[in-house]
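The structure appears right after this line, and notes come after that.
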Amino acid sequence: MKPFVLWLMGPTSGGKTTLAEHFVARWRNANVPVIHYDGDEVRDFFGSAHGFKPEDRMRVVDTLIHLSQKANAAGLNVVVSALTANPEARQQVYSKLDNLVVGYVHCPIEVCAERDPKGLYAQAKAGEIETLIGWNTPYEPPQNPDVVLPTDSTEIEDLFDVADNILRTR
């Protein structure tokens, strides 16, 4: 398997982190050196320094890119799970990462809102937050992802097999 950075992007509650954690566990069990970086974890680590304004979202993406570059250079494969809804953020990802494979975590917003593990869609529906991409503004799918991972209609094991096959045959 060639070194990779698998960047999973998709709407809030679409299953990005769940997939990333599952994929990483499977690859580690197969002795593939891999690390996971999550957009929410980066945001939580930096606290109020990384809010939800466009420039804050961009800072999170830049941080994820930097961490991914360093880990990949050290011989680790990387899985990133992050919304990455902004076209400028996507362009940064595409232009700055070698070994990049983009996975679009496809899930209808209605399904995401039903899942809603953090209660964000409920808060947006109640007017308590106005920055939920997918609810307050549309989530535009990435153009030409390397792999589409439909979490509303496909079992996680099957999604792993699809992603693993793409990474092994590229």
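Just so it is clear, none of the values below were taken in a lab; they were calculated from the coordinates. The structure displayed is predicted, hence computed values, not measured ones. In this analysis, Cβ positions are derived from the backbone assuming ideal geometry, glycine residues included, and neighbour counts consider all displayed protein chains.
Might you report the magnitude of the Cβ-based charge dipole of the chain about its Cα centre, with Lys and Arg at +1 and Asp and Glu at -1, to the nearest 20 debye? Write out the running numbers ahead of the final one.
On the way: 16 positive and 23 negative charges, 118 e Å.
Taking the Cα centre of the chain as origin, the dipole is about 560 debye.
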Expressed in Å to one decimal, the Kirkwood Rh of the chain from all distinct alpha-carbon pairs is 16.2
Amide H contacts under 5 Å for VAL78, restricted to residues at least 5 apart in sequence or on another chain and with H modeled in the peptide plane, are PHE4, VAL5, LEU6, ILE35
For ASP116 and ASP98, extending 7 Å from Cα along the Cα-Cβ vector and measuring point to point gives, in nm, a value of 4.5
Nearest-0.05 FRET efficiency for GLU155 and GLU88 at R0 = 22 Å, using Cβ-Cβ distance, is 0.05
So, relative contact order of the chain in percent, Cα under 8 Å, 6 or more apart, is 34
Cα-based Debye curve of segment 44-144 sampled at q = 0.17 Å⁻¹ gives log₁₀ I(q)/I(0) of -0.90
In the chain, lysine pairs 8 or more places apart or on different chains with C-alpha atoms under 18 Å apart total 4
Output for segment 112-170: GluC sites (Glu not before Pro) sitting in coil per DSSP, at most 15 other Cβ within 10 Å, listed by number, reads GLU128, GLU130, GLU155
